[in-house]
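So the structure is just underneath, and the comments pick up after that.
The values are calculated or read from the model by the stated rules, or taken from the named source; none is laboratory data. Note that the structure is a prediction, hence the values are computed from the model and not measured. For neighbour counting, all protein chains shown are included, and Cβ atoms are generated from backbone atoms with ideal geometry for every residue, glycine included. When the accessible area is computed, the model is the full protein with side chains, heavy atoms only, and any ligands, DNA or RNA have been set aside. Shrake-Rupley method; radii C 1.70, N 1.55, O 1.52, S 1.80 Å.
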Amino acid sequence: MKFFADTSDINDIKELENSGLLDGVTTNPSIIAKSGKQFLPLIEEICSIVHGPVSAEVASTDYETMIKEGKKLAKIADNVAVKVPLTPAGLKVCKELSDEGTMVNVTLCFSAGQAILAAKAGATFISPFVGRLDDLAQDGMQLISDICQIYANYPEWNTEVLVASVRHPVHIIESAKLGADVVTCPPSVIKQLFNHPLTDKGLAAFVDDWKKTGQSIL
Ligand code: E4P
């Protein structure tokens, strides 16, 4: 399973890239607004740090403007994945860009039917938002299960399931159990996967006991 960081924070991205755990980055207009930075140079900088796909989202909603924005974003770097909303116009843009060889991430997916449409439009990634469904007392992980099951029935569809709106480590673990291709998470949630009190306790005991031996490996 691939790990994408759902952030535009350069320090976090560099830290994760250096850890060897990072496979890509996703952004959205809200993340860009929060950064306070200029969108295009920021995406260019992220693309130069990260070896994998970097999702950059179009800002408009009509086909004519979205396709122009998508083509401009795709020119920033080879690893840009143009992000488009799951609308009729967005999927038209998806088909056109995918046919040209550009990676496309179809975002704001909240149903299995929408995921079927995105696959038929040639999306590289479909982004179902599990956290936002959970917030409405709907079962986000059930949607991931449904999409994984459906996509497995059609091996000719190459769309990867990119679990988005991840809020906690259980979302990551459940996604892995279901065989989802990618999770995109805030960096803090990726780091939470490391945590276990027995690891801390066990390591402290090993360090103490090693000191008692008076030995050195180096
Ligand atoms: C995915 O690509 C989105 O940027 C993101 O996961 C949305 O997460 P949120 O629901 O926490 O805003």
Some residue of region 81-102 being within 24 Å of residue 156 (Cβ to Cβ), part of a helix (DSSP H, G or I) and small (Gly, Ala, Ser): yes
Extreme residue, nearest to the chain's Cα centre (by Cα), among residues of region 105-115 that are away from the ligand (no atom under 13 Å from the Cβ) and not in a loop (DSSP other than H, G, I, E, B): 115
Inter-residue pairs, beta-carbon under 6 Å, first on the phi < 0 side of the Ramachandran plot and in a helix (DSSP H, G or I) and in region 127-142, second within 12 Å of the ligand (Cβ to nearest atom) and open to solvent by 90 Å² or more (accessible area, probe 1.4 Å), 6+ apart: 131/167
Qualifying positions in region 76-105 - of a type in the set (D, E, K, R) and either farther than 16 Å from residue 50 by Cβ or open to solvent by 60 Å² or more (accessible area, probe 1.4 Å) (or both): 78, 92, 95, 96, 99, 100
Every residue from region 142-194 that is open to solvent by 50 Å² or more (accessible area, probe 1.4 Å), more than 16 Å from the ligand (Cβ to nearest atom) and of a type in the set (Ser, Thr, Tyr): 154
Strands (runs of 3 or more DSSP E) wholly inside region 1-75 that include at least 3 residues being open to solvent by 30 Å² or more (accessible area, probe 1.4 Å): 2-6
Pair list, Cβ < 6 Å and 6+ apart or interchain, from region 168-186 residues that are farther than 11 Å from residue 144 by Cα to residues that are open to solvent by 50 Å² or more (accessible area, probe 1.4 Å) and in a helix (DSSP H, G or I): 169/192
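Kindly evaluate residue 59 against the criterion of being touching a Pro at 6+ places or on another chain (Cβ under 8 Å), aliphatic (A, V, I, L, M) and more than 25 Å from residue 188 (Cβ to Cβ). Spell out the reasoning first.
On the way: touching a Pro at 6+ places or on another chain (Cβ under 8 Å): yes; aliphatic (A, V, I, L, M): yes; more than 25 Å from residue 188 (Cβ to Cβ): yes.
Considered against the rule, which asks whether it is touching a Pro at 6+ places or on another chain (Cβ under 8 Å), aliphatic (A, V, I, L, M) and more than 25 Å from residue 188 (Cβ to Cβ), residue 59 comes out as yes.
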